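Here the structure comes first, spelled out in structure tokens, and everything after it is commentary.
The values are calculated or read from the model by the stated rules, or taken from the named source; none is laboratory data. Since the structure is predicted, the reported quantities are computational estimates derived from the model, not experimental observations. Because the Cβ atoms are built from the backbone with ideal geometry, glycine has one as well, and the counts that use them run over all protein chains shown.
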Amino acid sequence: MTSAVPGGPALPRPRVLLLVPARTYRAAGFLLAAGRMGLDLVVGSDGALPLGGRPVIPVDPGDPEASVRRILARAGPVDAVVAADTPMLVLAAAVAARMGLPHNPVEAVLNATGKDRQRLRWAAADVTQPSFRIVSAAAPDTAICDAARAVGFPCVVKAVSLSASQGVLRADDPASAVTAARRIRRILAAAGRSATESLLVEEYLPGPELSIDGLLAGGELTVTAVFDKPATPGGPTFEETLLVTPSRLPRPVLSEAIGTAGQAACALGLTRGPIHAELRIDDRGGQPRAAMLELAARCIGGLCSRALRFPGGASLEELVLGNALGQPPPAAGSRDAVRPSGVFMLPVPRPGVLRAVEGREGAAAVPGITGLTITIPLGQRVQPFPDGDRYLGFIFAEAGTPGEVQDALITASGQLRVVIG
Amino acid sequence: MTGQADLAAAVQAVLERTVLPSVIARGGAVRVAVTADGVVTADGVVTLEATGSPGAVFPLAARIEALIRTAVPDVTAVRLITPGQAGSPSGAAGPTEADLAESARRVLDAEVNPAIAAHRGHVSVEGCEQGWVRIRLEGGCQGCSLAEVTVRQGIEPLLRARLPAMTGLADITDHEAGTEPFFSPEKR
């Protein structure tokens, strides 16, 4: 538990409890970051086996009380608690609270995990967002129609507990709103969600979409990356595919978006740690307006953080761990000198069994492409959004300009042929 | 040696801004190998040392060479090595590599494989080079979203405790080729 410092006394290594869900893209990123930072890591997980080296503490995010007790009994003293991914966010907050460590309040994390709670909080705080209605699970179809008429057509019908673009559909008229709601309830049932879960019906906002990643410290937001999402469709489904940073939006628009994201995080009660906010720039009426779509109390999902690199070669996960340990965030503009980069998340084109992803060599050879990873094993059944919850894989690029990054990613994705049987 | 130092810096910069993020995220690292005399290249050939998971670096060898040759015209070829391989500055010869590999195999068979069999997994020792034990994860462990936890929190500290002569542990698994991972990642 100590590290030797040449010529000086041994210093204690920071000890961090990392809670890792079984099904995540993010375990490797956090473990590697901890290794590079020389942290003494304690891992809690609902999937890892208790091997002999440094046995993982078994936890169940569905039973936070028992999990907290087990962690308190076995983890020993730690300096910070970090959730590697969404399923562990609430448990991490609960553990930190019991240990007396600085963290977001449990209530704030809960506010960030439900899209309905977010909307209500933001409405109370006057955060710019689409108009919305929350429709209870027991409500008849007419309630969906009424909600849709109230926000206006086209509208978007959403599951409140799912992420990525799962369970999100656009509806252009009352009949399609009802059809969308029924389909989303089937998706929720298949995902094992509560039958009492409400649906969100909200105004469809036309305009460019972007995501803002940042770190909160004392309630102050430091932006780590802004991704434009130039290929996000206008519906009926909303799978995100292309993310390019830095943003090409005009600076005043970007400033307003960052301000809105910070206001949204504050309204949820978040004061520390990473956030990932998704916004649309509503360009109706000639005056661009940054409106909140969603916000998560974690960093960007999937493998997208691999598209980012910070001064000194640090990864986003290193920044998150450093933030949890009270280290200052990177200075504003510290990524200004970093080359534009981006990621293409490969969507599932149709349901079936994934047989092959051909053309990978050609895709990897496209100038600017720095990585290509297929993350779904061959032979597995796949479903496109809004029913599915996974991407086939990720392509990464870096180039001289954001436009070149975008071109490289589109060209590379065009080289791939996904075989689904 | 200023020219050599500049060349090393230029090659390292190419690595850092292109492939290194992907390599690191897959459990590996790669750097310019510089001899004790500060020499980076002989006849335009630059040697890179790959550490961590070889599966994160070696499949990218052709791409890495193309990127470096394009960006640094003084480089005519790139040689990729592992720690301890001839020409590596960081390696130290290990006298009993066969013994070390066999010892690692025994520890894994006694203390790891019975446990990970519960997840249809298996880990085998592929060899040992200059103190680096190379393992391959199979079955439910290959491509599992928790494979890194298994290796870094379970297997590596166990082997380090049992085998003080071990310099490091390299996971050479091609995780993308796994067809039956026990846990698959989901975007959350």
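Cβ-Cβ below 6 Å, separation at least six or inter-chain, first residue in region A:356-382 and within 8 Å of another protein chain (Cβ to nearest Cβ) and under 14 Å from A:L346 (Cα atoms), second hydrophobic (A, V, I, L, M, F, W, C) and not in a strand (DSSP E or B): which pairs?
Close Cβ pairs satisfying both conditions: A:I376/A:L392.
Yes/no matrix, rows are residues, columns are (1) under 20 Å from the mean Cα position of the chain (by Cα); (2) more than 19 Å from A:S315 (Cβ to Cβ); (3) not β-branched (V, I, T):
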| residue | (1), (2), (3) |
| --- | --- |
| A:R23 | yes, yes, yes |
| A:V43 | no, no, no |
| A:P50 | no, yes, yes |
| A:D63 | no, yes, yes |
| A:P102 | no, yes, yes |
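Here is a list: A:A34, A:A93, A:A28. Which entry is buried (at least 21 other Cβ atoms within 10 Å of the Cβ), away from every other protein chain (no Cβ under 14 Å) and assigned to a helix (DSSP H, G or I)?
Testing whether each residue is buried (at least 21 other Cβ atoms within 10 Å of the Cβ), away from every other protein chain (no Cβ under 14 Å) and assigned to a helix (DSSP H, G or I) leaves just A:A93.
Given the criteria among the hydrophobic types (A, V, I, L, M, F, W, C), assigned to a loop (DSSP other than H, G, I, E, B), at the interface with chain B (Cβ under 10 Å from one of its Cβ atoms) and out of contact with any His (no Cβ under 7 Å at 6 or more places or on another chain), does A:A22 qualify?
When the stated conditions are applied, A:A22 passes them.
Quick one: in region A:246-279, of everything that is of a type in the set (D, E, K, R) and within 18 Å of A:A112 (Cα to Cα), which residue is farthest from the chain's Cα centre (by Cα)?
A:R272
For region A:145-168, which positions are under 17 Å from A:G114 (Cα atoms) and touching a residue at least 60 places away in the same chain (Cβ under 8 Å)?
Within region A:145-168, A:V156, A:L162, A:S163, A:A164, A:S165, A:Q166, A:G167, A:V168 meet the criteria.
Quick check, is A:V244 over 20 Å from A:L200 (Cβ atoms), among the hydrophobic types (A, V, I, L, M, F, W, C) and touching a residue at least 40 places away in the same chain (Cβ under 8 Å)?
yes
From the list A:V82, A:V78, which one is closer than 13 Å to A:L19 by Cβ, assigned to a loop (DSSP other than H, G, I, E, B) and either at pLDDT below 95 or not small (G, A, S) (or both)?
A:V78
So which of B:P164, B:P114 is surrounded by fewer than 23 Cβ atoms within 10 Å (Cβ to Cβ) and more than 13 Å from chain A (Cβ to nearest Cβ)?
From the options B:P164, B:P114, the qualifying one is B:P164.
Is there a residue being under 30 Å from B:A110 (Cα atoms) and within 14 Å of chain B (Cβ to nearest Cβ) anywhere in region A:58-68?
Looking through region A:58-68, at least one residue is under 30 Å from B:A110 (Cα atoms) and within 14 Å of chain B (Cβ to nearest Cβ).
State whether the residues of region A:211-228 include one that is in contact with a Phe, Trp or Tyr (Cβ under 7 Å, 6 or more places away or on another chain), crowded, with 22+ Cβ neighbours inside 10 Å and at pLDDT 95 or above.
yes
Under 29 Å from B:T47 (Cβ atoms), modelled with pLDDT under 95 and of a type outside the set (A, V, I, L, M, F, W, C), is that true of B:Q153?
no
Could we say that A:G352 is at pLDDT 90 or above and of a type in the set (G, A, S) here?
Yes; evaluated as a whole, the condition is true for this residue.
Only one residue in A:G322, A:G302, A:G326 is out of contact with any strand residue (DSSP E or B) (no Cβ under 7 Å at 6 or more places or on another chain), part of a loop (DSSP other than H, G, I, E, B), in contact (Cβ under 8 Å) with a residue 24 or more places away in the chain and not aliphatic (A, V, I, L, M). Which one?
A:G326 is the lone residue from the list that is out of contact with any strand residue (DSSP E or B) (no Cβ under 7 Å at 6 or more places or on another chain), part of a loop (DSSP other than H, G, I, E, B), in contact (Cβ under 8 Å) with a residue 24 or more places away in the chain and not aliphatic (A, V, I, L, M).
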